[in-house]
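Participant: Here it is: the structure, laid out below.
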Amino acid sequence: MNLLFDSHAALWWATDDPRLPERVRVAIEGGAVGAISAASVWELEIKAASGKLRIDADVSERLLASGFRPLGITFEHGVAAARLPPLHRDPFDRMLVAQAQLEGFVIVTRDGNIRRYGVPVLWD
């Protein structure tokens, strides 16, 4: 199983936050491949720079050290995200949906709006 982590899930993984469901940890420890989109890293860094989020650790380094695969944004991802129906207003989340659809990922997120796109989600 290939897992694409939403920004909050990636942050919680990197900081060993107990809000990340145990089943996500078990999936990774059982061989699932974790990925982090450039969109999620961008979102976290924007929030940190604006003061809306305090990040004590280098999340990107911790994710890469944990074996997470970085996922860049391609033209195809951009087109697919732009063409999604307007079920979700967050452009970062729309990018994750497009990437999951095109690359065959299960999204790790607590955001119920993402499920409205019919993409597989691992959370509860």
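The values are calculated or read from the model by the stated rules, or taken from the named source; none is laboratory data. Please read all numbers here as calculations on a predicted model, not as lab measurements. Counting neighbours? That spans all protein chains shown, and the Cβs are built from the backbone with ideal geometry, glycine included.
Participant: Go through segment 36-55 and report how many residues are within 10 Å of Gly72 (Cα to Cα) and among the aliphatic types (A, V, I, L, M).
Facilitator: Residues that pass the stated criteria total 3.
Participant: Go through segment 41-55 residue by residue and tally those that are more than 17 Å from the chain's Cα centre (by Cα) and of a type outside the set (A, V, I, L, M).
Facilitator: Narrowing segment 41-55 to residues more than 17 Å from the chain's Cα centre (by Cα): 49-52, 54.
Cutting the leftovers down to of a type outside the set (A, V, I, L, M) gives us 50-52, 54.
Of the residues in segment 41-55, 4 are more than 17 Å from the chain's Cα centre (by Cα) and of a type outside the set (A, V, I, L, M).
Participant: Please go through segment 2-25 and pick out each residue that is within 15 Å of Pro120 (Cα to Cα) and of a type in the set (S, T, N, Q).
Facilitator: Passing the criteria: only Asn2.
Participant: On to the next question. Which condition number in (1) at pLDDT 95 or above; (2) closer than 13 Å to Phe5 by Cβ is the one that Phe75 fails?
Facilitator: Every listed condition holds for Phe75 apart from (2).
Participant: Could you list, in sequence order, the residues of segment 1-27 that are crowded, with 16+ Cβ neighbours inside 10 Å, of a type outside the set (A, V, I, L, M, F, W, C) and either in contact with a Phe, Trp or Tyr (Cβ under 7 Å, 6 or more places away or on another chain) or outside any loop (DSSP other than H, G, I, E, B) (or both)? Don't jump to the end; show me each part of the working.
Facilitator: Within segment 1-27, the subset crowded, with 16+ Cβ neighbours inside 10 Å is 3-14, 20-21, 24, 27.
Remaining after also requiring of a type outside the set (A, V, I, L, M, F, W, C): 6-8, 21.
If the condition is that a residue be crowded, with 16+ Cβ neighbours inside 10 Å, of a type outside the set (A, V, I, L, M, F, W, C) and either in contact with a Phe, Trp or Tyr (Cβ under 7 Å, 6 or more places away or on another chain) or outside any loop (DSSP other than H, G, I, E, B) (or both), then Ser7, His8, Pro21 are the ones that fit.
Participant: What is the one condition in (1) of a type in the set (A, V, I, L, M); (2) farther than 19 Å from Trp123 by Cβ; (3) modelled with pLDDT of 95 or more that Met95 does not satisfy?
Facilitator: (2)
Participant: I would also like to ask the following. Determine, yes or no, whether Leu63 is closer than 17 Å to Leu4 by Cβ and of a type in the set (A, V, I, L, M).
Facilitator: Spelling it out, Leu63 is indeed closer than 17 Å to Leu4 by Cβ and of a type in the set (A, V, I, L, M).
Participant: Residue check, Gln99 against (1) farther than 21 Å from Ile46 by Cα; (2) polar (S, T, N, Q); (3) in contact (Cβ under 8 Å) with a residue 40 or more places away in the chain, all met but one. Which one?
Facilitator: (1)
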